Each structure stands twice: as structure tokens, then as C-alpha cells.
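Working notes, structure below.
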């Protein structure tokens, strides 16, 4: 067949008619350019261009990749649809990246707008006595649980979700009878969901509609083989639930101070100018002492200007959003009991608790900081 | 489909579902491009993970990347680009029917690929020694950032997957040398060599991105 009647000249044979052959000269020129660009990218990386270092490095890499594709792989002489196919691969990669990144970096912007309540959840329960479990409540709670809680508490509520290892203290095992901070009656769990456990991985889910929170409470209670005592009217009143109106305190939550952890770290990386005096009035010491200034520059964004906590340090994603918040730096905290314990925490940070380490502080600075934090703790009640 | 033809070149038979050899060649080539797209997306997952985590922990990347040996990475970039050059020359030699030259160039490519792996071996053993290992195996104490194990997970996943591609490339090019020796290629039929060439250049392109991403973080 056609194979047999080939002409001798490679450019004009039957089989690969018009197929272009890369000349040695082209190949050498391209390789030379690639060497040059490699040296260039190394040199440029040693020059500080600020935010431009990364784009420049990627640009050089892309030029190199294009040279390889166009000349070594000879895409310029290939059928145009092959360029489209290969280009589409890169295009999908870019889409893949942009969508993933935008979810990660901009999701928080959807709900958090300064001054407005997070979500206008209805503050009124439509149920008669929502702290009394019903099969419907439990099954609705189960559904919500699988959407909001399994990553930490695990599918069976054993506290062994995929993300559990990242938290210290670990997520609660709902099958256990001991170790509960707020307690395990429905009203206690409702309170936990409203406020979270500040200072731990347990975020506040106060943005969930009120009946959803009761449903979750009913489901969590149902997991334990040993049922807790039933809620009394006092228990329910204690958490601010109005029996007559069905109105719960904290239905529409107040806006909390928000600072994403990435931003906090960024702020720590650049030396902060000391904030203007008097901005906070009373807290003089906070601005005049070395420790106070250090605290304002490097700790206040997460622990609050006065160590009062309540600042969101991490968003859990999800809809509606839930945030992990800091607890007040009270004097009875383990790490405020001795300078050694304090230095250890501040230098190394706390894994599983979103507290970054600051290894660059000198011994003198650490002790100034300790004095200041102790002073702040003394001011808190 | 036989005809034990006593010509210098064993005849390649065009598949009966193609009109002619040219169509067959174009189809094979297009298939290779589609395959390379799947490769882009396979590496793509890792590149996206890299990008997302870099956005989350930029200072950790800066600190951790100092543990990589930039000179070795740069050396390997030069080695791999040179191997792409020899592979391109091997393909054009095959297309021109210059068998000896083609085999020589492919052997040079394999040699350079082995150099690449030797350098990689030294880099890896240095990392092993320093405890700069992925995730739970990480035991280095010099890097202070607690998230650093993540960087090394990415480093080993990305360079590891790339290294596997280099190994496969060595296998494929050896196979092409063997087939060349068996006179299977001529200026009329060289599809497999050209496609292996594509594969090899792709491996080069991946490294072209890995080098600045892993070794030149700033």
C-alpha cells in the first residue's frame, strides 16, 4: 500500500506528507534560550521585587513551557486542534484553581458585612416545647449533624471525625457520660451551640435557625445510651428562652469582631506602627509600656485589645458560617500561672488551637509581654 | 495482514480503520495530546493544592523552602532541558531516517534522565537524613513553623510523581531504542518515537514549573 511507494526525500514522502521536521539549528536555539531563562529565573528570585517575584517566576516558567511546546513538541506546525486540546488542559487547570481559591479566600465575604447581623435567623421557635425530643426532631437533627458536625465529632458522634486530630482539646465524644463543660441536657447543648466553647475548636453555631439548634440538641442527646435528666422549666429559662413567646435570646446574634487567621499572621509579619495614643481611652498602659505595645502589635488582633477574647480566629466554612473564637485571657489559665509556661506557649504557639508561635521575641520582650498580659488578666472579671 | 517482506525496513501496516498512513499518524498524535491533557490534570490536582496552601501559609513556604538545595534543583533543570534537546534531535534524526544518530541521541537522553535521578537521590537522602519528611514522618526541629510538614508532603508528592514519570520515560525511550535497532522505524514511519518525544517534553515542562515553585519561593 502507500507504505511501499515512498519517495526518498523525507519531506515529501507519502506517509507523513508535509510533516515538518525540527531542524538541529532550531532545537539548539531553543535549548539555548531555555538555559538562559533558567539562569534568569534564578537571578530574579534573588532580587526582591516584593509581590512581583512570584508572577515573574511563573511568567518565565510559562515562556519556557511555551518554547518547549511550540518548538520541541512542534505545536506550531501541528494541526491547530491539537493546540486547542492541549491549551484546554491548561485552561481547565486555571479554572480548577480559581474556583477552589475563590471558595477558600472569599467565602467569608458572603455573610460578614460590618455592622449587620450575620444572618437574620428567626429568633422564634415554631415548636411547642422544643427541648422535648420527638422522632421528627431527632431525624431532622441527624440530617443537620451530618452537614455541620461530622468532620469533627465523627459520623457516630464518637469525637473521631476526620478533622478531630487537629483539635486540642479534642471534640466531645457524645457517647460519654463525663467531661461535659456545659452539660448534656438539650438546653445545655442548645447553649453550647449558641455560644460555642470559646478557646476550643467548638465554634458557635448561633447562626443556625433556632429550631435547627433544638433538633441538633435532640439528636446529640439521642446518641447517648444513658439519657440525661429531662430539662426543667428553670433549665430552659436559664439559657434565656422565653416560655411564653418562644423567643430565644441570641436568636439574631450581634456582630463579633472578625479577623481571619491568615490576615492575623500577615499583620504579625509586618512590623506594626504603634496605634495612636488615646484610641482606647482608659487602657493607657497598653500603649506606653514595651509589653503593652508588643501586645497591641502582635496579640490584640486575636485576643482583643484588653485580652477579652471573643475574636474569631478561624472560619469553619459551611453555610451558614461558624467561627472558632478565642476565650478571655483570664488569670486562671494554665499558661498565665508561670512565666515559663507563658513563654513556652508564646514561643511555640499551640497546635490544634490556632495560636501561632512568635519565636523571634527576646527574653526581655517575653517578660515585658508576660507582665502586660498578667496585668490585663487582672483587669478582667 | 502479512507479507514477510525482505526489505531493509519492516513494513508498518496501516490499521484497516484508517484511510491512509497519514490519517493514522494524525490520529495517533491527537490521542497523545489528549493523554497529555489527562496528565496536566493529574499533576494539576497537586499544583492546585500547592497554590491553595501557599495562599494560606505563605510564610511557612518561605521558611520551609530554604531546606531545599536550590543548586541541585537548578542543575536538574539544566539536565532535563538538555535531555529534551537530545530527545528532540532523536525524533528529527528518526524522521530523516538517520538510525545511528537517533539511537545515539536517545541513549544520551536516557543518560541525562539517569543523571537527573541521581541528583534527586542525593536530595532525597539529604531530606530523609534531616527528618524533612511528609506529614506524620516529619521529625525536623530546625524549622519552627508547625505547618512545615505540609510543605514536605507536597514536595515529595510532586517530585515523586514527576520522578515516576522520569522512570517511565526511561523505559519508553529504551523500548524505542530497541525498536530502532530492530529497524522498525524509517522516514516513513516514526510515530512511536515522536509520541515518546512528546511524553518526554511534557515531563520537562512539569519540571520547568516545579523548579521555581519549590526551590525559588520568595
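Just so it is clear, none of the values below were taken in a lab; they were calculated from the coordinates. Values in this document were obtained by computation on a predicted structure and should not be read as measured data. Backbone-built Cβ (ideal geometry, glycine too); neighbour counts: all protein chains shown.
Here are the numbers:
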item	result
Rough spin-label spacing in nm, given labels placed 7 Å along Cα→Cβ, for residue A:338 and residue A:146	5.0 nm
Residue A:105 versus residue B:129: modelled label distance in nm, points set 7 Å from Cα along the beta carbon direction	3.8 nm
Other protein chain Cβ atoms within 10 Å, averaged over every residue that makes up A:60-69	5
Pairwise centroid distance, computed over Cα atoms, of the range B:172-189 with the range A:163-186, Å	66 Å
Shielding by partners - mean other protein chain Cβ count within 10 Å, residues of B:204-213	6
The range A:60-77-the range B:16-35 distance, computed between alpha-carbon centres (Å)	22 Å
Rounded FRET efficiency, nearest 0.05, which uses the C-beta distance separating residue B:144 from residue A:160 and R0 of 30 Å	0.50
Estimated FRET transfer efficiency when R0 is 22 angstrom, pair residue A:348-residue A:181 (beta carbons, to 0.05)	0.30
Shielding score for B:95-103, defined as the mean number of other chain Cβ atoms within 10 Å	2
Whole-Å distance, taken between Cα centres, linking the range B:83-116 and the range A:329-381	63 Å
Highest-fluctuation residue, B:172, B:117, B:41 considered, GNM on chain B with Cα pairs under 10 Å	B:41
Distance between modelled label sites at residue A:127 and residue B:118, nm, 7 Å Cα→Cβ extension	7.2 nm
Value of [θ]222 nm, deg cm²/dmol, for chain B, DSSP H segments ≥ 4, -39500 (n - 2.57) each, nearest 500	-25500 deg cm²/dmol
